[in-house]
Amino acid sequence: MCGIFGITDNKDASKLTYVGLFTLQHRGQESAGIVTDDGGTLRHNIGMGLVSEVFTKDALESLKGRSAIGHIRYSTTGSSHLKNAQPLVLDSVLGQVAVAHNGNLTNADALKEKLQKGGAIFQSTSDTEVILHLMAKHRGRKLEDTLAKNLPKLEGAYAFLFMAPGIVIGARDPNGYRPLVLGKIGKSFILASETCAIDVAGGTAIRELAPGEMVVIQGGKARFRRFSPVKDFTRCIFEQVYFARPDSSVAGRTVQTARYEIGALLAKELKNVKADIVSGVPDSGTVYALGYSKESGIPYQTVFMRNHYTGRSFIQPDQRLREFTAHLKLAPIRDVIQGKTIILIDDSLVRGTTSRKIVKSLMKAGAKKIIMAIASPAIISPCYYGIDTPNKGELIACRMSTEKIRRFIGADKLHYLSLGSLVSACGGRRDRNFCVSCFTGKYPGKGGL
Ligand code: AMP
């Protein structure tokens, strides 16, 4: 889980990268960084926190240059520390090279051990640095040749942005797990994790990079080059379920449209269930609930008021304040809730803690019955490709039956969307177009772990 954004040949490169990263902020809130190419010298500013916290106006203005790449991080591999914040910038036999990575490399440890035995000294504990060391060791004639040589050695998930003086290269792993889209604004090219960032920066999306493809942007032109044959195109379905912004387009389909349809399919699966109102856990649950309402005819109502200003800096309350602060982020709207049978939709159930809290809050506010509907199947297996799902021991669906989970969260009914409905609403065919390993335990290319 991370967001990446890059732009070339633009006098406002650092400012537009700020806009892009700001738009992708939902993909990670831990650190933010921008690297610019100032006439052949790479300049960088990387810090911990939100985009708006890391970059002041002065900081952006000092990031001179007509091309930039940026990154926002949500740590999956490597601890939460400034030295793991990206883009990583390395000065080596290759000259200055910067890299921004979204994804998770599954063979990073093995590669790192080998490189260290050969004398490589690592600056960070993140998996991303491995590619820079591989590139320094196995060089080609040009940067793109070096990449074409080394990217096939990586396993796992990656969308990469590389920058060296005069050149920006984007690359997507041969399974296409993580997203990467090419766009244009005037004569400038944009690369971004999601189309929403290209839109907000004033550009137009051209197309997603294909799995195993890189795009080389140099001298005002973009060229595509394949560095690996496509394995299975298995993009991560969790982008549509939870991760991507609703106004982004994934696999040619607006995420909001897919979620609305998922809501309608949930209603079909629960067609005999009666209720007074349907609602969603804000923000992601809302669109699902609207789709459900349209299909079922059950009126939609907002049952929670969400406060958008609860930042990371909020100090965890002690026992004394816990009661008072329980509704700080989501406050129940009593009048709407009292005496009602409510179908409540959330995108996913991971450890079960959110659903448990929310059901408790609704019951306390006077709800008669809660039917919890989850807009995805039960998560039974960890993600090795960059989504921050916990290990099996923490995944509630690994430890408990649906009935036990229902009792744990305190709902009167619990229903998970079927995998078939999810895949069809996202516009694909099961096990063909998507990685659904978190729901099945079968990992693409590995025949199941
Ligand atoms: P849990 O409380 O552990 O069951 O987590 C489920 C809630 O976390 C849902 O409300 C989701 O919207 C949200 N969620 C799902 N996946 C993730 C993730 N990878 N990182 C952060 N939040 C998530």
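Please tell me if Gly448 is more than 19 Å from the chain's Cα centre (by Cα), at pLDDT below 95, within 14 Å of the ligand (Cβ to nearest atom) and not assigned by TED's automatic domain parsing to the domain that holds Thr128.
The answer is no for Gly448.
Could you list, in sequence order, the residues of the stretch 401-413 that are away from the ligand (no atom under 12 Å from the Cβ) and of a type outside the set (Gly, Ala, Ser)?
Result: Thr402, Glu403, Lys404, Arg406, Arg407, Asp412, Lys413.
Quick check: is even one residue across the stretch 250-263 open to solvent by 70 Å² or more (accessible area, probe 1.4 Å) and modelled with pLDDT under 90?
yes
Exactly one condition in (1) part of a helix (DSSP H, G or I); (2) surrounded by fewer than 20 Cβ atoms within 10 Å (Cβ to Cβ) is false for Pro229; which is it?
The number of the failed condition is (1).
So the check is Cβ under 9 Å with 6+ separation or different chains; which pairs have a first residue in the stretch 273-289 that's among the acidic types (Asp, Glu) and a second one that's within 13 Å of the ligand (Cβ to nearest atom) and part of a helix (DSSP H, G or I)?
Taking only residues 6 or more apart or on different chains, not a single pair turns up.
Of everything in the stretch 14-26, what is surrounded by fewer than 24 Cβ atoms within 10 Å (Cβ to Cβ) and within 16 Å of the ligand (Cβ to nearest atom)? Give them in sequence order.
Result: Gln25, His26.
Among Ser31, Ser52, which is of a type in the set (Ser, Thr, Tyr), within 20 Å of Gly202 (Cβ to Cβ) and in contact with a helix residue (DSSP H, G or I) (Cβ under 9 Å, 6 or more places away or on another chain)?
Only one candidate passes the filter, namely Ser52.
Taking Arg172 and the conditions (1) basic (Lys, Arg); (2) open to solvent by 10 Å² or more (accessible area, probe 1.4 Å); (3) closer than 22 Å to Ile217 by Cα, which numbered condition does it fall short on, given that it satisfies the others?
All conditions pass for Arg172, except number (2).
Quick one: what pairs do we get from the stretch 36-65, first residue without any contact (Cβ under 8 Å) to a residue 24 or more places away in the chain, second crowded, with 20+ Cβ neighbours inside 10 Å and polar (S, T, N, Q), C-beta under 7 Å, 6+ apart or different chains?
Hits for this filter: Arg43/Thr36.
So Ile237 fits all but one of (1) surrounded by fewer than 20 Cβ atoms within 10 Å (Cβ to Cβ); (2) touching a Cys at 6+ places or on another chain (Cβ under 8 Å); what number is the exception?
Single failed check for Ile237: (1).
Results for (1) closer than 25 Å to Ile387 by Cα; (2) charged (D, E, K, R); (3) buried (at least 19 other Cβ atoms within 10 Å of the Cβ), shown as yes or no for each residue.
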site	(1), (2), (3)
Cys2	yes, no, yes
Asp12	no, yes, no
Thr41	no, no, no
Gly49	yes, no, no
Ser62	no, no, no
Asn102	yes, no, yes
Thr106	yes, no, no
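The values are calculated or read from the model by the stated rules, or taken from the named source; none is laboratory data. What you see is a predicted model; the values in this text were computed from it and never measured. Don't worry about glycine lacking a Cβ; one is built from the backbone with ideal geometry, like all the others, and counts go over all protein chains shown. The accessibility values were calculated without ligands, DNA or RNA, using every heavy atom of the protein model including side chains. Shrake-Rupley method; radii C 1.70, N 1.55, O 1.52, S 1.80 Å.
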